[in-house]
Each structure stands twice: as C-alpha cells, then as structure tokens.
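These notes are about the structure you will find just below.
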Amino acid sequence: MIRHETRVRVRYPDTDQMGVVYHARYLEYFETGRTELLRDLGLPYASIEARGVLLPVLEAHVVMRRPARYDDLLTVVSMLRELPTARMSIDYEVMRDGELLVTGSTVHAFTTADGMRPVRPPRELMEVMRGAMEASDPQPATIDAAGVTAAAGRP
C-alpha cells in the first residue's frame, strides 16, 4: 500500500451556513491528497498529462462521520492499496488531531488526452508505483532452526 498524508487548513469559503465544511469540499481535499501523493512519488499530474494521459474521475464516494469547521487543520490520508490497471482506486481518510472525520474513495480511468479513450497506465508510472508498493509492504519475518529472525527471502 502507498500511503501519503497532506495537511489542509479549512478556509472560511469552505464552510456552509451551518458553519461546517460543505460536503463537496471534501472531494477537493481528496484531489489535493491524490495530487500530492503522485507528486511525492515523482509523478506530478503535469508529467502524466505531458505523456498524453488523463485521469478522469469515474466514481467518487464520501462518508461524513463528524464535521470539520473553519480554521481546522486537517490531515488528508490518501491510500493506493493496489497497483492500477486500466483504472486506479484511491481511498481517503480526513482526520483532525487523530479523529476520523470523513472517509471516501475515488476511481479514475487512464485515458488518452486527445479522445479520452481508455489506455494502459504509462510504464514509468507503473514502475514507480510498483517500487513504492514493494518498499512500503514489510516482508514477513521468519525464524530459522537456529532461532535467527530474518525477513522472508533474505538471509
């Protein structure tokens, strides 16, 4: 799993008449988290688009558990749990001081920029994501007959 945290400060225009973050703003927070996750991997959206590939949203899901309010400092956790195929799914958690406020997910398609036809993810993107997945998934430990602990596949 690839996991990334991004901080977002709730601005006054993000709130509604009830004084809480307007529900559609969470999709913008998700976009910020997703964009920064890719940037942190060395894959800013601009570089993906420069290859003629777009990532339109096919599905978006938001579950609000507790409200966020003006000036709250939120942590948007973005998680890529599996490697993309023709689609990429990202899960999100929005937290305030460790308290879970919102969960959600988005599903994106890889498409051509000139006709929005489905395409496979760019090879470089897949290589980077595969490496990040392998680096983030700890190897299970094993104990040999001598009682020596080692990660699986390593002496």
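The values are calculated or read from the model by the stated rules, or taken from the named source; none is laboratory data. Computed from a predicted structure; not experimentally measured. Note that each Cβ is placed from the backbone with ideal geometry, even for glycine, and that neighbours are counted across all protein chains shown.
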Note to self: Any residue that is touching a residue at least 12 places away in the same chain (Cβ under 8 Å), within 21 Å of Phe30 (Cβ to Cβ), outside any loop (DSSP other than H, G, I, E, B) and charged (D, E, K, R) - is there at least one of those in the stretch 95-117?
What the structure shows: yes
Note to self: I'm told Thr142 meets every condition in (1) of a type in the set (S, T, N, Q); (2) at pLDDT below 95; (3) under 18 Å from the mean Cα position of the chain (by Cα) except one. Can you identify the failing condition by its number?
What the structure shows: (3)
Notebook entry, point to check: If only one of Leu37, Leu43 is over 21 Å from Glu93 (Cβ atoms) and in contact (Cβ under 8 Å) with a residue 40 or more places away in the chain, which one is it?
Noted result: Leu43
Next item on the list: State all residues of the stretch 1-58 that are hydrophobic (A, V, I, L, M, F, W, C), surrounded by fewer than 12 Cβ atoms within 10 Å (Cβ to Cβ) and over 26 Å from Thr85 (Cβ atoms); if no residue qualifies, say none.
Entry: Met18, Ala24
Note to self: Among the residues that make up the stretch 64-87, is at least one of them under 21 Å from Arg130 (Cβ atoms), at pLDDT below 95, in a helix (DSSP H, G or I) and touching a Lys or Arg at 6+ places or on another chain (Cβ under 9 Å)?
What the structure shows: no
Note to self: Just to verify a result, which residue in the stretch 68-89, among those that are of a type in the set (D, E, K, R) and more than 12 Å from the chain's Cα centre (by Cα), is nearest to Leu125 (Cα to Cα)?
What the structure shows: Arg87
Next item on the list: Filter the stretch 1-28 down to residues that are closer than 18 Å to Thr106 by Cβ, part of a loop (DSSP other than H, G, I, E, B) and either touching a residue at least 40 places away in the same chain (Cβ under 8 Å) or in contact with a Cys (Cβ under 6 Å, 6 or more places away or on another chain) (or both), then give me how many there are.
Entry: 2
Check: From Glu36, Glu31, Glu49, Glu59, which residue is outside any helix (DSSP H, G or I) and acidic (Asp, Glu)?
Finding: Glu59
